[in-house]
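Report on one structure; see the data block that follows.
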Amino acid sequence: MEKVVVIGAGSWGTALGMVLAKKGYDVTMWEHNKEIAEKLNLEKENKRLLPGVKFPENLNVTWELDGLLSDVKYIIFSVPSQVLRGVMAKISPQIEEDMILINTAKGIEILSGETLSHVMKDEIKGKYHKNIVILSGPTHAEEVAQELPTTIVAAGEIDKAKKVQELFNTENFRVYVSEDIAGVELGGAVKNCLAIGAGIADGLGYGDNAKAALITRGIAEMIRFGKVMGANERTFSGLTGIGDLVVTCASQHSRNRYVGERLGKGEKIDDILKSMVMVAEGVPTVKAVYAKKTELGISMPIVEAIYSIIYEGADTKEKVKELMTRELKEEFY
């Protein structure tokens, strides 16, 4: 069987590993914590994050890095956005020219303001940059692990994207391809920020009208941001733009929406994050997007409001009032 390595044994890494294992690939997931890795191997189930879904026999977990990428063609990175650079630095000596590097995290690095494909490029040899593919879309790990119908996008140089399309595609997991890496990455990053805003609206008890307004005006901010960053505007009307935004803003599975809901109910961000098992990528990404949009002079009032609530302790209702009473404008500007 062909070998595949998944870097990161969280819920999404586990779900993707199971997709490939069920297709017959020999899958190894790398988990940095030895104790957790051994427990996952013993129990053949991620009871903490995906309870009730058993691993196929050809899916195994390791904590060791030595020789991890030997005879491996596909490497899937499923680690939080803010630790991706460190993980890449650890394994980059093992990366070879014929390997395809697939990133599934959604975010922008705070320290550098770079998209994650650029973070990866920083840590590997230049001649391997063409091998980077982004896998992103409206997907919840819980549903993928249960083999519920899902669609997603593989973005990169078209020949590499098509190989990833073939790698993952099943009757329940349909993969499209795109060459717009920037658009696919930025859609996934910004939607996590906006999902926190949707959760704040839920926590405040606002209705469907408010949710629809936030999603629609959020797409406008996503497009403005993406175009300045070099993305194709068309990408944001697809799965990795509006598709991912809708599912994240509406779903009970969404960690970012959950964080926002608790903020809307008056809880403090530090208390919320301390109580969570999984990472809410939108929290650091709000900070990164806010810094980048400020640097580039991009109008993103919803992101500004979310940033103020999370990082400046602003009152949620007051921020909604400010959004609703801003200077009147045409819808498209």
The alpha-carbon center of region 236-284 and that of region 15-80 are separated, in whole Å, by 25 Å
Which pairs, out of Lys121/Lys227; Lys73/Lys106; Lys47/Lys317; Lys3/Lys287, put more than 28 Å between their alpha-carbon atoms?
Lys47/Lys317; Lys3/Lys287
Values of log10 I(q)/I(0), in the order q = 0.07, 0.15 Å⁻¹, for the chain under a Debye, Cα-only, solvent-free model:
-0.27, -1.25
Tilt of helix 208-228 relative to the longest C-alpha principal axis of the chain, in degrees (0 to 90, nearest 10)?
70 degrees
Rank-order 254-262, 93-101 by packing density, defined as the average count of other C-beta atoms within 10 Å over each peptide's residues, highest first.
254-262, 93-101
Using θ = phi - 60° and Karplus 6.51 cos²θ - 1.76 cosθ + 1.60, couplings along region 268-277 (whole Hz; Gly, Pro as x)
8, 4, 4, 5, 5, 5, 5, 8, 8, 7
In whole Hz and in residue order, list the ³J(HN,Hα) couplings for region 14-22 that follow from phi through the Karplus curve 6.51 cos²θ - 1.76 cosθ + 1.60, θ = phi - 60°; x for Gly and Pro.
5, 4, 5, x, 5, 4, 6, 4, 5
Degrees between helix 282-296 axis and first principal axis of the chain (Cα, 0 to 90, nearest 10):
60 degrees
Amide H neighbours of Val133 at under 5 Å, excluding residues fewer than 5 places away on the same chain, with H built from the backbone geometry, are Leu101, Ile102, Asn103
Å³ per residue enclosed by the Cα convex hull of region 73-208:
128 Å³
What's the FRET efficiency of Glu123 with Glu312 using the Cβ-Cβ distance as r and R₀ = 30 Å, to the nearest 0.05?
0.40
Using packing as a proxy for protection, rank 191-197, 155-161 so that the peptide with the highest average count of other Cβ atoms within 10 Å comes first.
191-197, 155-161
Please list the equivalent ellipsoid semi-axes of region 252-333, computed as the square roots of five times the alpha-carbon gyration tensor eigenvalues, in descending order and whole angstrom.
24, 15, 12
Charge dipole (the chain, unit charges on Cβ, about Cα centre) - positive-most of Asn58, Ser178, Met324:
Met324
By how many nm would the segment from Lys227 to Lys3 lengthen if fully extended, with 0.36 nm per residue of separation less the alpha-carbon distance?
76.8 nm
So between Glu327 and Arg48, what do we pick up on full extension, going 0.36 nm a residue minus the alpha carbon distance?
95.7 nm
Calculate how steeply helix 34-43 sits against the longest principal axis of the alpha-carbon atoms of the chain, using the helix alpha-carbon long axis, and give the answer as 0 to 90 degrees to the nearest 10.
70 degrees
Descending packing, highest mean Cβ count within 10 Å first, for 239-251, 48-60, 108-120 is 239-251, 108-120, 48-60
Calculate one ³J(HN,Hα) per residue across region 247-262 by plugging θ = phi - 60° into the Karplus curve 6.51 cos²θ - 1.76 cosθ + 1.60, and present them in order as whole Hz with x for glycine and proline.
5, 6, 6, 9, 8, 6, 6, 5, 5, 5, 4, 4, 4, x, 4, 5
Amide H neighbours of Met29 under 5 Å, at least 5 residues apart or on other chains, H built in the peptide plane: list them.
Val6, Asn60, Val61, Thr62
Roughly speaking, what % of Cα-Cα pairs in region 141-279 are separated by over 18 Å, rounded to a whole number?
60 percent
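Read-outs throughout are calculated quantities, based only on the coordinates presented, and are distinct from any laboratory measurement. Everything numeric here is computed off the predicted structure, so don't read it as measured data. Quick reminder, even Gly has a Cβ in these numbers, built from the backbone with ideal geometry, and neighbours come from all protein chains shown.
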